[in-house]
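Structure first, then comments.
Just so you know, all these numbers are worked out from the coordinates, no wet-lab data involved. All figures in this text were calculated on a predicted structure; none of them were measured in a lab. FYI the Cβ positions are ideal-geometry reconstructions off the backbone, even for glycines, and counts take in every protein chain you see.
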Protein chains: 2
Amino acid sequence: MKIVEVVDVIESSDITGSSLWKRGWKDIEDSIHAIDWPHGSGTFSLNPEGKHANGVKPIKEPALNLLKDRGWKVESLPSELSGVKMGNLDALYSSSEIENIGFEWETGNISSSHRAINKMLHALLKGGLIAGVLVVPSQAMRRYITDRVGNITELREYFYVWSQVSIRKGLLRIVAVEYDQLDRSVPLIPKGTDGRARR
Amino acid sequence: MKIVEVVDVIESSDITGSSLWKRGWKDIEDSIHAIDWPHGSGTFSLNPEGKHANGVKPIKEPALNLLKDRGWKVESLPSELSGVKMGNLDALYSSSEIENIGFEWETGNISSSHRAINKMLHALLKGGLIAGVLVVPSQAMRRYITDRVGNITELREYFYVWSQVSIRKGLLRIVAVEYDQLDRSVPLIPKGTDGRARR
DNA sequence: TATGGATCCATA
DNA sequence: TATGGATCCATA
């Protein structure tokens, strides 16, 4: 998969110069590039037939596997991060006990992206994270995958709100990702039975 | 319906003393008290059979009708509110061209409540609103209505984040509401076919 | 029970 | 196409 846009909604105190961040961001870039479809093919081909015909659940698996291999804590994160009682982030990287980078792959509903960001803001405010990265599909991907999934277009109007939260030291980065190519010969990504799916 | 909790997450510059607010809040209280089930019965009785067996869509209708009667603009709000490009709020009250009170009845998914609040924060920051009110079901109601609907319990952890947004002049109020009584003899509130419902 | 998610709806 | 919503799933 490829990265088509990177936006730093909050950036204070030169986080991007730290060695922790450099390693963490390298891992994140590599993990996004590792995402392929069909799994194992080495490139992300998306079948453009139909409207919203591809599911989203299996997409992130190669990324989380790579992060796990690189020493990130995946799923089952500590429910307390510097006093922030929150549900899990998708992955967490920490070199010390003090500095953490949070990673969220957002293919839930767009409204869920608001919660994910509010959660990372909470941890940034309390010092539980020094950086939070949210990955969402690009505008071009929207029509091919499950309807109403998180996307960068609908988040744009809110960048201003999040930029008004005073974080002394922290980075909030939003990354838009996209298929490498469209290809009618690959299988559609399967959908689950959750949400309002017919069962 | 009854109000069981009122939380002012942001309150700056004594909005609650203004006459616009006093009239607007009176309307909101009256509109919540006007919500009944079955519609026309004058009191909100909820059938407690089953898990998450009641739908939520018809609940807010009596409230919005009352607000409309009191001169609030309901639905189809201007898509631009002091430069804030946003989707509609459920209702808007304005005595002048300048001062507006926004009203959101939240029975979408809990994550949608995060978007609703982020949206009202945006308008508060830009001066499009002087007050925003979000109404959500109480903890006690959760088990009887559609699963994962917005509720005050899951929002509590985020009050801190929203309180950190510097609003010069504005109020952000969250209101928890609840049935007047449980009653196995009333009909279940019908559900729509959206979401992951079987059709 | 709690929590992030995945899915499709309705209307403009 | 755009946008708020409504509904049920999966797992801890």
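Of the residues A:26, B:73, the one with the fewest other Cβ atoms within 10 Å heads the list, and the complete ranking is A:26, B:73. Across chain B, the relative contact order, built from alpha-carbon pairs under 8 Å that are at least six residues apart, equals 34 percent.
Available extension along the chain between residue A:183 and residue A:169 is 0.7 nm, counting 0.36 nm per residue and deducting the alpha carbon span. Here the Karplus curve 6.51 cos²θ - 1.76 cosθ + 1.60, taken at θ = phi - 60°, turns the phi angles of the range B:110-115 into couplings of 3, 5, 5, 5, 5, 5 Hz, with x standing for Gly and Pro. For the range A:42-54, the Karplus equation 6.51 cos²θ - 1.76 cosθ + 1.60, evaluated at θ = phi - 60°, returns couplings of x, 8, 9, 9, 10, 7, x, 6, x, 9, 6, 8, 8 Hz by residue, with Gly and Pro reported as x.
A straight chain from residue B:5 to residue B:156 at 0.36 nm per residue would run longer than the Cα-Cα distance by 53.2 nm. Normalised by the number of residues in the range B:19-82, the average gap of Cα pairs under 8 Å and 6 or more apart makes the relative contact order 31 percent.
Across the cross-link table entries A:26/B:85; B:68/B:191; B:60/B:85; A:68/A:191; A:60/A:85; A:126/B:60, which are compared at the Cα atoms, the separations over 27 Å belong to A:26/B:85; A:126/B:60. Near residue A:89, the amide H atoms lying under 5 Å from its own belong to A:77; only residues 5 or more places off or on other chains count, and H is placed 1.01 Å from N.
Using Cβ point charges alone (K and R +1, D and E -1), the dipole size of the range B:2-182 about the Cα centre works out to roughly 340 debye. Among the residues of A:149-156, the average count of other protein chain beta-carbon atoms within 10 Å of the residue beta-carbon is 1. Phi angles of the range A:145-156 translate, via the Karplus equation with coefficients 6.51, -1.76, 1.60 and θ = phi - 60°, into HN-Hα couplings of 10, 2, 4, 6, 5, x, 7, 6, 4, 6, 8, 3 Hz per residue; Gly and Pro are given as x. Across the identical copies, the label point of residue A:4 (7 Å from Cα in the Cβ direction) is separated from its matches by 4.5 nm, in order from shortest.
Taken about its Cα centre, the protein assembly as shown carries a charge dipole of about 580 debye when Lys and Arg each add +1 at the Cβ and Asp and Glu each add -1 at the Cβ. The alpha-carbon of residue B:22 sits under 20 angstrom from the alpha-carbons of these aspartates and glutamates, leaving out residues fewer than 8 places away in its chain: B:5, B:8, B:11, B:14, B:30, B:69, B:90, B:97, B:99, B:104.
Going by alpha carbons, how many degrees (0 to 90, nearest 10) lie between the helix axis of A:19-33 and the longest principal axis of chain A? The two axes meet at around 10 degrees.
Packing here is the average count of other Cβ atoms within 10 Å per residue, and on that basis the peptides A:51-62, A:6-17, highest first, run A:51-62, A:6-17. In nanometres and ascending order, the distances from the residue B:50 label point to those of the other copies are 2.8 (point 7 Å from Cα along Cα→Cβ). Plainly put, the tip 7 Å out from Cα toward Cβ on residue A:70 is 5.4 nm from that tip on each other copy, the closest given first.
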